[in-house]
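The values are calculated or read from the model by the stated rules, or taken from the named source; none is laboratory data. This structure is a prediction, so every number in the text was calculated from the model and none was measured. Glycine gets a Cβ as well: all are built from the backbone with ideal geometry, and neighbour counts include every protein chain shown.
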Amino acid sequence: MTAASGANDLRRGTIEMSLAMLMSGTIGWLVVSSGQTPWNVVFFRCVFGAATLIAVCAALGFLKKRYFSWRVIGLAALGSVAIVGNWLLLFAAYSRASISMATTVYNTQPFMLVALGAIVLRERVSASTLAWLGIAFIGLVMVVRVEPAVLAAPGQYLEGIAYALGAAFLYAISSIVTKRLQGTPPHLIAMLHVIFGIAMLAPFARFEAAPASFAGWTDLVVLGVVNTGLMYVLLYGAIQKLPVATTGALSFIYPVVAIIVDWLAFGQRLAWLQAAGAVLILLAAAGVNLKWRIVPQKRRAKD
């Protein structure tokens, strides 16, 4: 690979990742604007997303028998349970804790992934990671603003925070499962996820409550085609071209855009304490993703 082609790949990957994160930041707006229950939103997201990803996989030559072993299908089905559950909980959190808060708390997922990696994959956890976890916990306490009155009569806000944490945990599980599918085209994995999602959610979808307006259907179609199908294509294309550090840094476009969209579309503003907590959570997540060291590494004794 020449220096020029490498620079072009880096530039193209940066654009693809930025666009994918911009799309991610508008998901909450589409979900709330559609007026549908989380079950219906996720079902139709899977339907329109599957149609898009099947077309993409067919164009890329991924719909061939050699890609569909029983192991791939089984792990994809398991990952689908986690990713569909992740969407259900996160979308339910939007209407309870606001898009801004749900997205911020959802960004504790790197710590969930680190914990699962340590337990399941026996990966070592550094002292700096533990320190970032402590900072994120402080931020979470500031975001939640737990007061005696809230504890005495828990409302939807705390329920929304719990849903967002649950969504982050399920995303971490789906990531662990996807790690077992190395060598499988990521577009194919995404396609299988949404296809299995259709099968899982069909019994729970309320077709009689489907959108009665053109605007409602537009929200769902855009969510499935653009914010699922096209977004996955851009995201996976970017991941293949960019260094891990660049991918991690650009991923924080998502929560920033989500908070701005929540403010512009729904007038949701964070209290100063919540805003400070959100900054701590996002800073800590960045520290983990980009492997920033805040605890000095012990020097090995010389022989």
Taking the stretch 263-282 only, how many residues are closer than 23 Å to Ile138 by Cβ and over 17 Å from the mean Cα position of the chain (by Cα)? 12
Test Leu19 against the criterion of being surrounded by fewer than 16 Cβ atoms within 10 Å (Cβ to Cβ) and within 15 Å of Tyr232 (Cα to Cα), and give yes or no. no
Exactly one of (1) at pLDDT below 95; (2) surrounded by 19 or more Cβ atoms within 10 Å (Cβ to Cβ); (3) of a type outside the set (Val, Ile, Thr) is unmet by Arg11. Its number? (2)
Would you point out the residue of the stretch 77-96, among those that are β-branched (Val, Ile, Thr) and surrounded by 20 or more Cβ atoms within 10 Å (Cβ to Cβ), that is nearest to Pro186 (Cα to Cα)? Ile83
Enumerate the pairs (first residue in the stretch 262-281 and acidic (Asp, Glu); second residue anywhere and surrounded by 14 or more Cβ atoms within 10 Å (Cβ to Cβ) and not in a helix (DSSP H, G or I)) with beta-carbon separation below 6 Å, excluding pairs fewer than 6 apart on the same chain, so at least 6 apart or on different chains. Asp262/Gln268
Taking into account only those residues within the stretch 162-172 that are among the aliphatic types (A, V, I, L, M) and at pLDDT 90 or above, which is surrounded by the most Cβ atoms within 10 Å (Cβ to Cβ)? Ala164
Matching residues, the stretch 112-134, being free of Cβ contacts under 8 Å to residues at least 60 places away in the same chain, of a type in the set (Val, Ile, Thr) and closer than 17 Å to Ala285 by Cα: Val125
Quick check on my filter: what residues within the stretch 14-53 are under 17 Å from Arg96 (Cβ atoms) and outside any helix (DSSP H, G or I)? Gly35, Gln36, Thr37
Just for the stretch 173-217: of the residues that are surrounded by 12 or more Cβ atoms within 10 Å (Cβ to Cβ) and aromatic (Phe, Trp, Tyr), which one is farthest from Trp29 (Cα to Cα)? Phe196
Just checking: which of the helices (runs of 4 or more DSSP H) contained wholly in the stretch 202-303 hold 1 or more residues that are over 28 Å from Thr52 (Cα atoms), at pLDDT below 85 and not aliphatic (A, V, I, L, M)? 272-289
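Scan Ala249, Ala265 and give me the residue that is touching a Phe, Trp or Tyr at 6+ places or on another chain (Cβ under 9 Å) and surrounded by 13 or more Cβ atoms within 10 Å (Cβ to Cβ).
Within the list Ala249, Ala265, the selection yields Ala265.
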So Pro186 ticks every box in (1) more than 21 Å from Thr52 (Cα to Cα); (2) without any contact (Cβ under 8 Å) to a residue 60 or more places away in the chain; (3) within 18 Å of the chain's Cα centre (by Cα) but one. Which box is left unticked? (1)
For Trp39, the lone unmet condition from (1) surrounded by fewer than 17 Cβ atoms within 10 Å (Cβ to Cβ); (2) modelled with pLDDT of 95 or more; (3) hydrophobic (A, V, I, L, M, F, W, C) is (1)
